[in-house]
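What follows is a short report on a single structure.
What follows draws every value from the coordinates through simple rules; no lab data is involved. Remember, predicted model here, so these are calculated numbers, not experimental data.
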Amino acid sequence: MKITLIALVVLALGMTGSTVYLWNDGQDAEKKIENLELKVETMGGALDKAESLKAQEVERVKLSYDSLMQNLRKEIDQGQVNIKMVESKLSVSIVEKVLFPSGKASISKEGEQVLA
């Protein structure tokens, strides 16, 4: 009987310790989940801001492209200038004969106007 009582006490103490241990693990897991949820929320906000900034930059480049196209329409139609928009970058190519007369190292008047 004494052995049975001792066994029950040891078993009860052992279960209590396990319960406390499991309960602490649950609290730790809840804290980790809360921290992860906060990180996800923070990253989501940063992603939204980055996407907004990218959209603004793309719009700015598009406006620059439209302005260049309008200002250089004559030169573009004559094949002297080529404007390309690749992703969020503009590339302006000017035919060398527009900038420099044949055999010369100085910029022509027409080239100065195109550059202006």
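Once the Cα atoms of segment 34-112 are picked out, what are the Rg and Dmax in Å?
Both quantities, over Cα of segment 34-112: 21.3, 72 Å.
Percent of alpha carbon pairs in segment 66-114 separated by more than 14 Å?
Percentage above 14 Å: 52.
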